[in-house]
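The structure appears right after this line, and notes come after that.
Derivation of every value follows stated rules applied to the coordinates shown; laboratory data play no part. Predicted model only: the values in this text are computed from it and were never measured. With ideal geometry, Cβ positions are generated from the backbone for all residues, glycine too; neighbour counts draw on all protein chains shown.
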Amino acid sequence: MRYILRVTLVEYVAIVRDTSVLLVFLAGLVLYSMMYPYPYSAEVLRNVPVVPVDQDRTMLSQKLMRWADTTEEVSLTDEAADMAEARERVLNGRANAIFLIPEGFERKVLRGEQATVSVYADGSYFMIFRQVVSGLYKATATLSAGVEIKRMTAAGMGEQQARQARDPLPIVTRALFNPAGGYATYVTPAVLILVLQQTLLIGMGTLGGTRNEEFTKAPPPPPGEKDSALAVLLGRTLAYFSIYILYPLFYLAVVFRMYSLPYQHNPATVMIFLIPFVLSVTLLGLALNMLFRARETSIPVVLITSVPAIFLMGYSWPHEAIPGVLQALSRLIPCTAGALGFVRINQMGATLYEVRHEWFTLWGLCAFYGVLAWLGTMYRPTAAKTCPVPESAPGKNAASVPETAPSSS
């Protein structure tokens, strides 16, 4: 136990002395977790600029444009003279869509014929496209409902009966766990779990690469030093785990309150669930350390995997639409089960029993990556050279500081 604590202390010292690792662990994680939700703090995209083209120029077409402008989704700009001018504004970035009311719109409505309006929007920006179509459809549907109700009342039907006949089964939708229907509430909790994982892997990879550089320059350690691999593994795991288990509390106490993100006020359940998550990420980092031959290697490798990881988690892309092979691969990434369980507990009020599948998956990953990390530590026991056991500690497994013999040429 004294040797394990000594390894932990040495790991703390290594983290503090390495400014790059300290920057990732403290400034990187804290600042990134606080700044990431800021661009999405508005939650919902509103007032998308749309240029109107009114070729009908009647009272009804003007009324439709006023209703479209009052919706929260779009905001109509100055009217364009024709489609060519409207198209030029969109291409120049002054608007995101075109709302065209064709000639003869009011005449068709008054005759009882089907009238149409056209919306031209850029489909490459999905959120903008959705807001434009949603807002203009809302205004058009409201006008259409009013026209139908007036026709029914003109035919002798009461107004209340006309409204019921127009919409016999009204649908009311409410987002239970995302009241605002916002993007920040939807994606931020899952991304924060990914940020926790990636920053920990980058920092551990940087230190591991430094040790591997030293290992290739130093002579091989004596056989007795390999006997302390398990203690080295436990000491390092304790060091990183004790640091990163505090960050979920920072999320709940600071980030969620700062951006008014909904949560269920159950930090005890959240922390119990995240224990195997932080532990599995730590052991994954120790297992990957043997692959980083230089300290700079971990940053590009981990950053490249961030985009595939966010898609495999099932938030940016529906999990049901991911191929089965990739779904199985995603279970090997701790943030997949970690983010799903964290969101269900913290945002949806699930109990630990209801996320038991994800919880046991994380414990399974702890065992799997723990074995890999132990094997890697067996072949890269460089920490033992910097963690001498006191001379009074008996036993054949006690590691000592080997003296580096001068190399002969």
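Distance from the alpha carbon centroid of segment 106-183 to that of segment 301-348 works out to 37 angstrom. Taken about its Cα centre, segment 48-166 carries a charge dipole of roughly 480 debye when the Cβ of each Lys and Arg holds +1 and the Cβ of each Asp and Glu holds -1. Here the extension length gained between Val44 and Ser260 equals 76.3 nm, from 0.36 nm per residue of separation less the Cα-Cα distance.
Mean separation of Cα pairs under 8 Å and 6+ residues apart, divided by the residue count of segment 68-213: what relative contact order is that in percent? Each step should come with its number before you reach the end.
Values: 80 pairs, mean separation 24.5, N = 146.
Relative CO of segment 68-213 lands at 17 percent.
For the chain, report the translational diffusion coefficient in µm²/s to the nearest whole number, using Stokes-Einstein at 25 °C, 0.890 mPa s, and a Kirkwood Rh over Cα pairs. Rounded, D is 95 µm²/s.
Each residue, Ala27 and Tyr353, gets one label point 7 Å from its Cα in the Cβ direction; the gap between the two is 4.8 nm. Kirkwood's formula applied to the C-alpha pairs of segment 1-83 gives a hydrodynamic radius of 18.2 angstrom.
Relative contact order, whole percent, for the chain stands at 21, derived from Cα pairs under 8 Å and 6 or more residues apart. For segment 48-166, the fraction of C-alpha pairs more than 26 angstrom apart is 25%. Taken about its Cα centre, the chain carries a charge dipole of about 760 debye when Lys and Arg each add +1 at the Cβ and Asp and Glu each add -1 at the Cβ. Net charge dipole, segment 106-192: roughly 160 debye, given to the nearest 20, about the Cα centre with Cβ charges of +1 for Lys and Arg and -1 for Asp and Glu.
If the chain linking Asp82 and Arg166 were pulled fully straight, counting 0.36 nm for each residue of separation and taking away their Cα-Cα distance, it would gain 26.7 nm.
Applying 1/(1 + (r/R0)^6) with r as the Cβ-Cβ distance of Met271 and Asp122 and R0 = 51 angstrom yields a FRET efficiency of 0.70. Peptide packing for 190-199, 169-178 was compared via the average number of neighbouring C-beta atoms within 10 Å per residue; ordered from the highest value, the list is 190-199, 169-178. Projecting the Cα atoms of Ala155, Thr116, Tyr137 onto the charge dipole of segment 48-166, computed from C-beta unit charges around the Cα centre, puts Ala155 farthest toward the positive end.
Residue farthest toward the positive end of the dipole of the chain, with Cβ of Lys/Arg at +1 and Asp/Glu at -1: which of Gly376, Leu303, Val74? Checking the options against the dipole of the chain, the answer is Gly376.
A dipole drawn for the chain from +1 and -1 charges on Cβ atoms has a positive end, and of Trp317, Val50, Phe126 the residue lying farthest that way is Trp317. For the pair Leu91 and Phe177, the difference between a 0.36 nm per residue extended length and the Cα-Cα distance amounts to 27.2 nm. By the combined test of axial Cα extent (at least 15 Å) and Kyte-Doolittle hydropathy (mean at least 0.0), the qualifying DSSP H helices of the chain come to 2-17, 126-154, 183-217, 229-244, 267-288, 334-346, 356-379.
Within the chain, how many Lys pairs sit with Cα atoms under 14 Å apart, leaving out pairs fewer than 8 places apart on the same chain?
Numbers: Lys63/Lys138; Lys217/Lys385; Lys226/Lys385; Lys226/Lys396.
Lysine pairs satisfying the spacing and distance rule in the chain number 4.
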